[in-house]
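Colleague: My questions all concern the structure below.
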Amino acid sequence: MPLGFNTTSLLGGGQSDLATWIIAISILVSTVLSILAFLGVAQGIQLRVWRTQIEARLRVLEGYVNDVKGEGEKLLKKLGVKDTERVIGRAMEYFVVEPVSIEPTDITKRLERVIRTEEERIEQIVGLALAGRELGEEEQRIFRNTVTLLGIANALNLLYKYLRHMLLMGVKTKNAMLVAQLWMILPLYMRIAKAYRDAAGVIAKGLPIGDAAGPLVAYRLAHMGEPIEGYRELAKDTVYTVVGIDERRVYIVRAKGPGSTVGRPGEAVEKLVEDVLGGNLSAIITVDAALKFEGEETGLTAEGSGVAMGDPGPEKIRIERLAVRHRLPLYAVAIKMSFEEAINAMSKNVVKGVDKAVEDVIRLIGETSRPGDNVVVVGVGNTIGVGL
């Protein structure tokens, strides 16, 4: 080897060649990807990836539907129904047509008629399968829970078919943006679907759910006050009782329970105020579960004005119109929780919120009325698992 040979220059030359090859390969790959993107191949690959992931989620959702159907079948068999598949199938495919909204005159009454027809028809479908057999008290509770469970099955089935429709339509028309939007929003839909699936097991067992917070507040108030008048039924599945609290006559309204039902609180309050009290009262206080914001603690309570009621409109507007006719103040107490907590088994934090809401209602009664006054308190919500 010659004395003047420089090994570093040889290595440097090798590195230079390697860098040149890397740059050349990068340019080639970029060119190929640009051509594929121009021809739509890359978009097609992305579409297949999204489709695969969405189809996997849809299979999970289909499993949720089958789980709820299974729970419904068990309850129907407890009631002695033999053709369970037919009953479940009819309930799952049931649909509701909204009333005409272009002409708003009397729309709430028309909506009320549509909603009640749906409720009565689902009950009728299950009732016909019982062949007119009289139900005992326990069977009545199972019957109410079954109707609610079939409603959950209907909602999940509709959600599954809608999402599947959006996917197939996007693939059929090769609309990558439609599939992309579905892919992005799907986690939220799956969260809702899982909450419904989990709620089905809770309802099948007849356990109190988060939405039963309002009726539970009514139950606590009814048992801590001085009894004046026992329970009487005012409207379908809706009762009231009268107790003495801080020298006031408190009329407590709630769904009957312990079966799954929300009753008809608006109709009940209207009859109570006009037919029983003749408008002679100081205030109407409604208590209900309310959706919390992310970051808020479960079980927090808040005081407000208006009617605390997650109703499509007919029941709520009855109380609002009643308050206008008789110039009554409307006070509300909300118990905050997430959507999942509202439809699943009542948690300890929600129970703590119920305790706090009872204190809030008693304070409101004392601050908004005088001794000897009449006050109406409405425990709004699904009364499953909460007896009288």
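Quick grid of which residues meet (1) in contact with a Leu (Cβ under 9 Å, 6 or more places away or on another chain); (2) farther than 30 Å from residue 266 by Cβ; (3) modelled with pLDDT of 90 or more; (4) assigned by TED's automatic domain parsing to the domain that holds residue 236:
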| site | (1), (2), (3), (4) |
| --- | --- |
| 3 | no, yes, no, no |
| 6 | no, yes, no, no |
| 28 | no, yes, no, no |
| 47 | no, yes, no, no |
| 52 | no, yes, yes, no |
| 56 | no, yes, yes, no |
| 105 | no, no, no, no |
| 112 | no, no, no, no |
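Colleague: A further question follows. Please work out if residue 163 is buried (at least 20 other Cβ atoms within 10 Å of the Cβ), within 21 Å of the chain's Cα centre (by Cα) and farther than 30 Å from residue 257 by Cβ.
Modeller: The answer is yes for residue 163.
Colleague: Hey, among 233, 229, which residue is closer than 26 Å to residue 120 by Cβ and part of a strand (DSSP E or B)? Break it down stepwise before answering.
Modeller: Numbers: 229 fails: closer than 26 Å to residue 120 by Cβ.
Going through 233, 229 in turn, the sole match is 233.
Each row is one residue, and each column tells you yes or no for (1) in a helix (DSSP H, G or I); (2) aliphatic (A, V, I, L, M); (3) over 21 Å from residue 382 (Cβ atoms).
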| site | (1), (2), (3) |
| --- | --- |
| 80 | no, no, yes |
| 86 | yes, no, yes |
| 100 | no, yes, yes |
| 111 | yes, yes, no |
| 118 | yes, no, no |
| 134 | no, no, yes |
| 148 | yes, no, no |
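Colleague: Quick one: which of 283, 255, 218, 289 is within 24 Å of residue 340 (Cα to Cα), over 20 Å from the mean Cα position of the chain (by Cα) and touching a residue at least 60 places away in the same chain (Cβ under 8 Å)? It would help to see each step written out before you state the result.
Modeller: Numbers: 283 fails: within 24 Å of residue 340 (Cα to Cα); 255 fails: over 20 Å from the mean Cα position of the chain (by Cα); 289 fails: over 20 Å from the mean Cα position of the chain (by Cα).
Step by step, each of 283, 255, 218, 289 is checked, and only 218 is within 24 Å of residue 340 (Cα to Cα), over 20 Å from the mean Cα position of the chain (by Cα) and touching a residue at least 60 places away in the same chain (Cβ under 8 Å).
Colleague: Would you please name the residue that is farthest from residue 215 (Cα to Cα), looking only at residues in the range 275-304 that are touching a strand residue (DSSP E or B) at 6+ places or on another chain (Cβ under 6 Å) and of a type in the set (Gly, Ala, Ser)?
Modeller: Among residues in the range 275-304 that are touching a strand residue (DSSP E or B) at 6+ places or on another chain (Cβ under 6 Å) and of a type in the set (Gly, Ala, Ser), the one farthest from residue 215 (Cα to Cα) is 282.
Colleague: Within the range 327-349, which residues are under 20 Å from residue 375 (Cα atoms) and surrounded by 15 or more Cβ atoms within 10 Å (Cβ to Cβ)?
Modeller: We begin by selecting, within the range 327-349, every residue under 20 Å from residue 375 (Cα atoms); these are 327-334.
If the condition is that a residue be under 20 Å from residue 375 (Cα atoms) and surrounded by 15 or more Cβ atoms within 10 Å (Cβ to Cβ), then 328, 330, 331, 332, 333, 334 are the ones that fit.
Colleague: Return the only residue of 80, 89, 72, 127 being in the same structural domain as residue 159 (by TED's automatic domain parsing), buried (at least 17 other Cβ atoms within 10 Å of the Cβ) and not polar (S, T, N, Q). Let's see the steps before the verdict.
Modeller: Values: 80 fails: buried (at least 17 other Cβ atoms within 10 Å of the Cβ); 89 fails: buried (at least 17 other Cβ atoms within 10 Å of the Cβ); 127 fails: buried (at least 17 other Cβ atoms within 10 Å of the Cβ).
Result: 72 is the single residue among 80, 89, 72, 127 that is in the same structural domain as residue 159 (by TED's automatic domain parsing), buried (at least 17 other Cβ atoms within 10 Å of the Cβ) and not polar (S, T, N, Q).
The values are calculated or read from the model by the stated rules, or taken from the named source; none is laboratory data. These numbers come from a predicted model, not from an experiment. FYI the Cβ positions are ideal-geometry reconstructions off the backbone, even for glycines, and counts take in every protein chain you see.
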